[in-house]
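Colleague: Handing you a structure now.
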Amino acid sequence: MSDIWKWIDENSGVLSIILSLIGFIILAIQTRKARSAAESARLATEDVIRSVSHIDTISDLARIRSEMNNIQLALRGGRYEAALLHAQSIREGLSQLRSRKGFESDKMRAQIQLMATSLRKLQDNLELKLDDPEFALSVSGINSNLSEYSVIISGWMEEMRFSSGGLQK
């Protein structure tokens, strides 16, 4: 046993170097594993954020489409104040869409702008109708436009539901 201790004592410098090298190798391996795990966590987080944003946009589109239906119902029932509030809500939602992923194309931005402008004109006409009950408001024309916009919005929703990265136009 004493021979073993004597050998260890004589070779302790070499053993220290060997143990240090083994320690550094283990540290390098563990650091690489930790870096890989951190990168995997970062990528997973980005995927979750994209998915939540994707679902949030689909939800917003569904709300906008529902609000369009609410305007149509309000107009048919002569509830112009309610139609006015729904139009404002839709315009706000459309404004938010402009900055979302998938809505960067000129065509989509033009469609959003057309809807927003049409809703602004509708709001102006509804204000006139509220001020002057004799003001002529073409409910069928308005509802026809809103139906067309609902179809466009529904198309966007379907594209988003069945694409992994959102609208790709």
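The values are calculated or read from the model by the stated rules, or taken from the named source; none is laboratory data. On a predicted model such as this, the values are computed, not experimentally measured, just so you know. Glycine gets a Cβ as well: all are built from the backbone with ideal geometry, and neighbour counts include every protein chain shown. With ligands, DNA and RNA removed, areas are computed over all heavy atoms of the protein, side chains included. Shrake-Rupley method; radii C 1.70, N 1.55, O 1.52, S 1.80 Å.
Colleague: On average over all directions, what projected area in square nanometres does the chain have, based on the convex hull of its Cα atoms? All intermediate terms of the calculation are to be shown ahead of the outcome.
Modeller: Details: hull surface 67.6 nm².
The Cα convex hull of the chain, projected and averaged over all directions, gives 16.9 nm².
Colleague: Report the trypsin sites (Lys or Arg not before Pro) located in region 1-95 that are in a DSSP loop and have at most 11 other Cβ atoms inside 10 Å of their Cβ, or state none. Present the calculation step by step, with values, prior to reporting the outcome.
Modeller: Details: sites: Lys6, Arg32, Lys33, Arg35, Arg42, Arg50, Arg63, Arg65, Arg76, Arg79, Arg91; in loops: Arg79.
Those that pass, being in a loop and sparsely packed, number zero.
Colleague: Are there GluC sites (Glu not before Pro) in region 51-116 that DSSP puts in a loop and that have at most 15 other Cβ atoms within 10 Å, and which ones?
Modeller: Numbers: sites: Glu67, Glu81, Glu92, Glu104; in loops: Glu104.
Hits after loop and neighbour filter: Glu104.
Colleague: Scan around Arg100 for amide H atoms under 5 Å from its own, H built in the peptide plane at 1.01 Å from N, and keep only partners 5 or more places away or cross-chain.
Modeller: Counting only residues 5 or more places away or on other chains, the set is empty.
Colleague: Classify region 1-54 from the C-alpha gyration tensor, please: rounded if a/c falls under 1.5, else prolate or oblate depending on whether a/b exceeds b/c. Don't skip to the end; give the middle numbers.
Modeller: Details: a/c = 12.15, a/b = 6.14, b/c = 1.98.
Prolate.
Colleague: Counting helices only, and only those DSSP H runs with n ≥ 4, report the 222 nm mean residue ellipticity of the chain as the sum of -39,500 (n - 2.57) divided by its residues, in deg cm²/dmol to the nearest 500.
Modeller: -30000 deg cm²/dmol
Colleague: Calculate, for the chain, the solvent-accessible area per residue in square angstrom, rolling a 1.4 angstrom probe over the heavy atoms of the protein chains. Let's see the in-between values first.
Modeller: On the way: 10910 Å² over 169 residues.
Each residue of the chain exposes 65 Å² on average to a 1.4 Å probe.
Colleague: Moving on to the next point. Report in % the part of the accessible area of the chain that belongs to carbon and sulfur, leaving out ligands and nucleic acids; probe 1.4 Å.
Modeller: Working: 6430 of 10910 Å².
Within the chain, the accessible surface is 59 percent carbon and sulfur.
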